[in-house]
Structure formats: structure tokens, C-alpha cells
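For reference, the structure is listed below as C-alpha cells.
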Ligand SMILES: Cc1ncc(C[n+]2csc(CCOP(=O)(O)OP(=O)(O)O)c2C)c(N)n1
Ligand SMILES: [Mg+2]
């Protein structure tokens, strides 16, 4: 931009006040997208997000209805309310997409994530790791004399908190599944 | 009766069942079995283009001038990649196209085989949907579904990639289903509560304007008919995007002309000053809105669109109506009539007085010259000499395109083919071929710039081979005129690479292909040259040498609102500064 000598913040020519009537508050939404389980459908969804510059915080996908050939993609995304609406409308345009649900606005929902956490250490640190795991209801799914692999489930925030605590105690590897979410009630 | 046949035969059978009689294409190794089937039948006529990009543009011209989907058949690898520009063009302008591509056999996919490309991967973002068919069992059903997806809801291009072994193998043919059981069924009826809100707003509005777009054309002739009735009955002014020209007749008394970056003064000021904007099948494109925070600041906005993602994408809408234009217009018109056909008569009279003031500016006036042909004059004469004929107009992209939109009058839908969303130089010539194929007896003219035209000039071969009497009306300014204009307005008159150097002799070029060439540079000869062009029974290239430094006005500079229009050269040089300069 420099060769054109564009002054920062010059208001007269501001073409970048692009969305004057839209709010610029960032929101975090969890979307559940039911899709036909066919090749390329995940690429379509991901391509939409990258092509249009939307954020993906977490994305999980698995078949949920074998007979009906349906998969469920759970996406956690952030954006202004207008961008979130666009994301939903754009997802709805994808031909193999059957339904798009915004769990964040469609009433209460539960969100869970699973993580495997490998912690290595000896002595006090090892004991402390085990004690904290107990508080977080993490299970030991593998252990050697110098390491544990914990399995923990919960909200993404709970997993963040657990990982933060394990870091000084010798966290060496972390694998997370991403968020799965369902609306509450029937 | 279940019929077993090869995949290649299925392709031809499925096309027949879909009512296809025309295919634009180019053969190659991976589609030879399908070409072999085409050879052995007479229902489908295949037009051999000279480049796959042109096949898609020809299909677009065919589709836009008929309302039917255009069909393309090309080979794998380079055949498919050459089609990408056409697919993107059709996606941006919502044109129904079905492209069939050959692919290497399934057992070689992924091995970097000869002429292998990941066609569905490459075309995923530039199609409405695409399919790789790995099993002959699925082939016919997939082709039927492809037609359904291309033509329903917001139309668009689709692609079916067919490996060669799938073409050779046999399976049971599935006929065209009566109803598509799949979930893909876009909503066509608008929400009645919203339609009522629109009608209520229309009854009260003091300064209403209809802002219509390509969606009206895509919805079909009934939509244009209803729109005309609604405009006549309410007496509201109407403007349209580049894509929507012809939905309302240019001779209609409520017509304000095209709006947008090179739209008419009265149209843009009406958009800026209105209190009710009724957007029907347009998408608030950046060529239309200009600077968003100053776009039509005082209006309530209604938006009718079949695609929910168009609503609130860039402009906040007060009355959103998701549905097909014809359905929504019919419901709205009926409701408005049943509520007593009310409008704000006083407000409207005042509004028209204001519009008439703006009209007096006569923003399209230009000074004709005795010595050189002004491009505006050339288009105005073309209009005068072809008006009233069974006429279809295509364009390339650049200044000539805008002059064609400004100075030609379109009385009916489906008569105007131009690359709007993508702005694809090289679109017009092949599109004119597709139009002429669909309307053999009509007068089909491509208003072209010399630079754009050269991008697909190889199609002269196609025009000659099939005796398609397309008229190539080239406004030759020996410049990339639109680029030159921007360099003048934006880059201190430094004309970096915007000359068309080493141009061919277009008359000789025409003759080399076996067509007629006409040269004209004197305003006195212009009418005769145009008449000679339209009267010649065969393809013609008319090289019309025009004023080289003419600029296209009115113009809303990038980053400015509608009421900051430039009307003439006087104020134009270096007119775009500041942040507007980074916009295209
Ligand atoms: C394929 C492609 N490349 C580049 C451009 C950028 N571009 C827009 S208009 C234009 C000049 C067109 O020149 P010409 O066809 O002679 O038309 P004129 O503006 O002179 O009437 C160019 C290069 C484009 N629109 N499409
Ligand atoms: Mg030119």
C-alpha cells in the first residue's frame, strides 16, 4: 500500500468501514451440521471456511447414521453475529448438507471433548500428577514407571485447565478429539 | 423395462432424457467412449469448439438466451482445467451448466497418470456441486441429479467426472426420476408475513425504487412479466444491475437505466435518496453499492432472493424474503391488489419530479466527432440500426461492455449476455456462438474490445465450421481501455502495459478463417459499415477503430458513495485517492 501513500485512518475515503450496520462483537458458536456421508463432503465444508476466511476453532466428524448415510460435523467457530449467520447460510448452500443447527442459540446444549494426555516424571511430580488427575476425574489408560497416559473428558475449558496444570509436571504430548455437542432435552 | 448399457451410452441416454439436444465440447483420450456414442446417434448435436474455456462460455450463452441448462463435454486433465474459468464465470453469474469430464480409469486415480488431474478437487470451489462417479451403477442417476442441482434454486454450474473404465462398463440405466427424492429442494414460496411487510411499506413509501438483478431473469419469463405489471401498477421507478437488463423494458416509462459504478446518474441518485429500496434478485454487489457506510443511508431495504446467504451478506435488510422471484412477486402483487392498490400518490409525484431533475443532467451525453468515431457513438448507431430486430447482444469485458450496457436498450429478458460477476475477458465471442446455436435465425452481435476478443479468437473456426453468422463488433481503441482509464484516474497517467500492441489486421484475420472482415474508422462510413455487417449472411468481424482515450462515464470512483459520481473528464484525473485506491 505504501506506493500509493495511503494515510492511515483517513475518513473521507474510508472504504473499509465495511459493515457499518453490523455489530463487531466476536461470538463463539457451536454448529452441528448433518451431512450426506459421501466422499469430499468434509473438503467442501473446510474449503468453505478457508475460502471465505471464517475461523475454525474445532471440527469433528463421524458417521452417525449408517443406514441413512449421514455424518455429523461439529464445528466451533468465532465471528461477528453477521459472520455467524453467513456461515450458517453458506453451509446450507452445500448440496450434501441436510441440516445446520446452531447449538449456541437453539436452547441449552452439552459440549464434551476427550483428550489423551501423556505426562512423564518421577517422584513428587508423578504423585502430584496422579492426584490432580483424580480431582479432574481423568483415568489412567497407560502407565510405565516414568509416564502416564490420562484420558480426560469434559468441556474444552476443563481440558485446557487440566493441560495447563500438567505442563509443569511433565506434559509431553496431548491429543484432543475436538468438540462433540448435542442439545439438551428431547 | 430395465435396460443394461455401457456407461458411455448411459451418458447419451441421460442427456436425451433431460431434453438436451446441444452439447459443446472437445474430445480427448478419457472421453473417447462417449464421443463414440455421440457418433452413433442423431438426437444430440455436438459443437466442436477450439478451446474448452470457450465450450463453457458457449454453453453459458446458450443457457442465458434460452433459460435451459447448457451442456459441456471435455476430456480429463487439461480439458478439465481449461474449463475452470468458464465454471467460475457461471458460478458468479448463477448460470445453469452441466459439465461432463472424462477421467483416468478408477484403478489409476491417484497415480499421476497421463492427463490425470484432481478434477473434483480443482472444481469444488467453482461449481455449485460436483461428483466423481466411480461406479457405472451410479452414473445415470448422478447425471439426472446434476441437472436437478444445476437448474433448481439459485442456478449454477455442476460437474460430473467420469473415469474411462466407468464409461466402458455396463449397468442398468436409471431413467429420469419424476420427483427427486433427495433433500435438495430450495424454498420457492416467500414467507407471507414478510411479503405483507413489503406491501405495507410500498403503500406508504414516498421515494420507492425497484432495484432488480439477474435473479429476475433466472426465475423465468413469468418473473419479468409480473415485475412489469407491478411497476406499471404502482408507478414506482425501476433500475437494474448489469445482470438484470431486459427484465423491465428500456422503453418503459419507469425505467431509470442501469445503476452501479458506471450506471446512470438518475439511477444511482434514486438509490441514494430513496426511502424504500425493493431489491429483487440482486445481491448488493460491490459494483452496485460503492462505499457501504454511505450506501442509501435513509432507506428501508427489502430483499427478495432465493439464496438465503445473499440476505444480510453485505447490506443489512429490513424485510428479507427468501423465495423464487416469480412466486414472491405474484404473492406480493396479489396482496397489494387485494388491499386496495394503494400508493403514496403525493410522495410519488414529488419523487418523480426530483428524478426528472436528475434526468435533465443527461449523463450519457457525449460529443460526437467528425474525424474519429466515438465509441459511444458507435454503440448508439448500432442500437439505432438494429432496434426492433430479433436481436441478442453479448459483450466482452471492459469499457465497451459498459457502453453497450448504457447505450443499448433491452426490451426483453434473455437477450443480453455479459460476464458480470467474474468480468471474464474472452467471454463474449464464445457466448455469441452459443446464442446463435440456440437461435439460428436471430441477429447475434458481440460488442467487443480488441483485447478481450483476442482471448478467444480461435473460435472463428467454430463459427465458420457451423455456419454461425455471429457479428463481432469490435470497438478497437488499441488499448486495454478500462485499464488505461483506471491508470489515468488512479496511477498518475502512467500507462503501464495497457496498450494492445502488435494487433492483427482484423479484416485479413477474418478472411484467413473464411469469414467477412469490415474496417471502419470514419464516422461518415459507420452506418454503412454496420448495415453491411448485419446484412451479411455469415460471420463478420467488424474492426471499428474508435477514439483511443475516451473514458467511460458516469463513474462512481472506488470507495465513494453513489452521490459522488464523476460525470466527465474535467474532474476525473487522479480522482481516486486514499483508501479507495486499494479497491478494485
Ligand atoms: C481474463 C481477464 N484478464 C484481465 C482482466 C482485467 N481487465 C479488465 S478490462 C481490461 C481491458 C479490456 O480491453 P478491451 O477488451 O480492449 O476493452 P476496452 O476496455 O478497451 O473497451 C482488462 C485487462 C479481465 N477482466 N479479464
Ligand atoms: Mg480496447
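The values are calculated or read from the model by the stated rules, or taken from the named source; none is laboratory data. The model shown is predicted, which means the values in this text are computed figures rather than measured ones. Cβ placement follows ideal geometry from the backbone for every residue including glycine, while neighbour counts extend to all protein chains displayed.
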Notebook entry, point to check: Here are some residues: A:68, A:123, A:40. Which one is on the phi > 0 side of the Ramachandran plot and either surrounded by 18 or more Cβ atoms within 10 Å (Cβ to Cβ) or more than 10 Å from chain B (Cβ to nearest Cβ) (or both)?
Noted result: A:123
Item checked: One residue from B:483, B:540 being at pLDDT 95 or above and either within 24 Å of residue B:263 (Cα to Cα) or over 28 Å from the mean Cα position of the chain (by Cα) (or both) -> B:483
Note to self: Residues that are closer than 26 Å to residue B:312 by Cα, touching a residue at least 12 places away in the same chain (Cβ under 8 Å) and outside the structural domain of residue A:167 (by TED's automatic domain parsing): list the strands (runs of 3 or more DSSP E) wholly contained in the range A:42-154 that include at least 2 such residues.
What the structure shows: A:58-65, A:70-79, A:97-102
Next item on the list: Answer yes or no: is there a residue in the range B:260-267 that is more than 22 Å from residue B:398 (Cα to Cα) and touching a helix residue (DSSP H, G or I) at 6+ places or on another chain (Cβ under 9 Å).
Entry: yes
Check: If residue B:530 passes every condition in (1) away from ligand 1 (no atom under 16 Å from the Cβ); (2) crowded, with 19+ Cβ neighbours inside 10 Å; (3) within 14 Å of another protein chain (Cβ to nearest Cβ) but one, which one does it miss?
Finding: (3)
Notebook entry, point to check: What is the number of the single condition among (1) within 14 Å of chain A (Cβ to nearest Cβ); (2) modelled with pLDDT of 95 or more; (3) touching a strand residue (DSSP E or B) at 6+ places or on another chain (Cβ under 7 Å) that residue B:256 does not meet?
Noted result: (1)
Next item on the list: Considering (1) closer than 19 Å to residue B:14 by Cα; (2) within 14 Å of chain A (Cβ to nearest Cβ); (3) surrounded by fewer than 20 Cβ atoms within 10 Å (Cβ to Cβ), say which one residue B:125 fails and leave the rest.
Entry: (1)
Next item on the list: Would you confirm whether any residue within the range B:403-425 is within 16 Å of ligand 2 (Cβ to nearest atom) and more than 13 Å from the chain's Cα centre (by Cα)?
Entry: yes
Note to self: Could you go through the range B:367-375 and let me know if any residue there is in contact with a strand residue (DSSP E or B) (Cβ under 9 Å, 6 or more places away or on another chain), more than 14 Å from chain A (Cβ to nearest Cβ) and more than 16 Å from ligand 2 (Cβ to nearest atom).
What the structure shows: no
Item checked: Given (1) under 28 Å from residue B:90 (Cβ atoms); (2) assigned to a helix (DSSP H, G or I); (3) away from ligand 2 (no atom under 14 Å from the Cβ), number of the condition residue B:444 does not satisfy -> (2)
Next item on the list: Scan the range B:465-496 for residues that are away from ligand 2 (no atom under 13 Å from the Cβ), in contact with a helix residue (DSSP H, G or I) (Cβ under 9 Å, 6 or more places away or on another chain) and within 30 Å of residue B:434 (Cα to Cα) and report the count.
Entry: 6
Note to self: Within the range B:426-441, take every residue that is in a loop (DSSP other than H, G, I, E, B) and within 13 Å of ligand 1 (Cβ to nearest atom) and give me the one that is farthest from the chain's Cα centre (by Cα).
What the structure shows: B:426
Check: If you scan the range A:153-177, which residues turn out to be surrounded by 17 or more Cβ atoms within 10 Å (Cβ to Cβ) and within 18 Å of residue A:77 (Cβ to Cβ)?
Finding: A:156, A:176
Note to self: Name the residue that is farthest from the other protein chains (Cβ to nearest Cβ), counting only residues in the range B:293-311 that are crowded, with 20+ Cβ neighbours inside 10 Å and more than 21 Å from residue B:156 (Cα to Cα).
What the structure shows: B:302
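Listed here are the residues, each with its yes/no results for (1) touching a strand residue (DSSP E or B) at 6+ places or on another chain (Cβ under 7 Å); (2) within 14 Å of chain A (Cβ to nearest Cβ).
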residue	(1), (2)
B:108	no, no
B:120	yes, yes
B:153	no, yes
B:156	no, yes
B:159	yes, yes
B:170	yes, no
B:180	no, yes
Checklist line | Selection count, the range B:465-498, where residues are in a loop (DSSP other than H, G, I, E, B), more than 12 Å from ligand 1 (Cβ to nearest atom) and buried (at least 22 other Cβ atoms within 10 Å of the Cβ) | finding: 1
Next item on the list: Just need a number here: residues in the range B:128-140 that are more than 13 Å from chain A (Cβ to nearest Cβ) and surrounded by fewer than 21 Cβ atoms within 10 Å (Cβ to Cβ).
Entry: 1
Next item on the list: May I ask you to list pairs of residues, at least six apart or on different chains, whose Cβ atoms are under 6 Å apart, with the first in the range B:451-475 being under 25 Å from residue B:498 (Cβ atoms) and not assigned by TED's automatic domain parsing to the domain that holds residue B:543 and the second being modelled with pLDDT under 95 and assigned to a helix (DSSP H, G or I)?
Entry: none
Check: Out of curiosity, is residue B:321 surrounded by 21 or more Cβ atoms within 10 Å (Cβ to Cβ), at the interface with chain A (Cβ under 10 Å from one of its Cβ atoms) and either part of a strand (DSSP E or B) or touching a strand residue (DSSP E or B) at 6+ places or on another chain (Cβ under 9 Å) (or both)?
Finding: no
Item checked: Condition met for residue B:439 (away from ligand 2 (no atom under 15 Å from the Cβ) and surrounded by fewer than 22 Cβ atoms within 10 Å (Cβ to Cβ)) -> yes
Notebook entry, point to check: Residue check: is residue B:266 away from chain A (no Cβ under 14 Å), under 29 Å from the mean Cα position of the chain (by Cα) and part of a helix (DSSP H, G or I)?
Noted result: yes
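Residue-by-condition table, conditions (1) away from ligand 1 (no atom under 13 Å from the Cβ); (2) more than 25 Å from residue B:549 (Cα to Cα); (3) surrounded by fewer than 24 Cβ atoms within 10 Å (Cβ to Cβ):
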{"site": "B:363", "(1), (2), (3)": "yes, no, yes"}
{"site": "B:374", "(1), (2), (3)": "no, no, yes"}
{"site": "B:378", "(1), (2), (3)": "no, no, no"}
{"site": "B:383", "(1), (2), (3)": "yes, no, yes"}
{"site": "B:387", "(1), (2), (3)": "yes, yes, yes"}
{"site": "B:397", "(1), (2), (3)": "no, no, yes"}
{"site": "B:400", "(1), (2), (3)": "no, no, no"}
{"site": "B:404", "(1), (2), (3)": "no, no, no"}
{"site": "B:412", "(1), (2), (3)": "yes, yes, yes"}
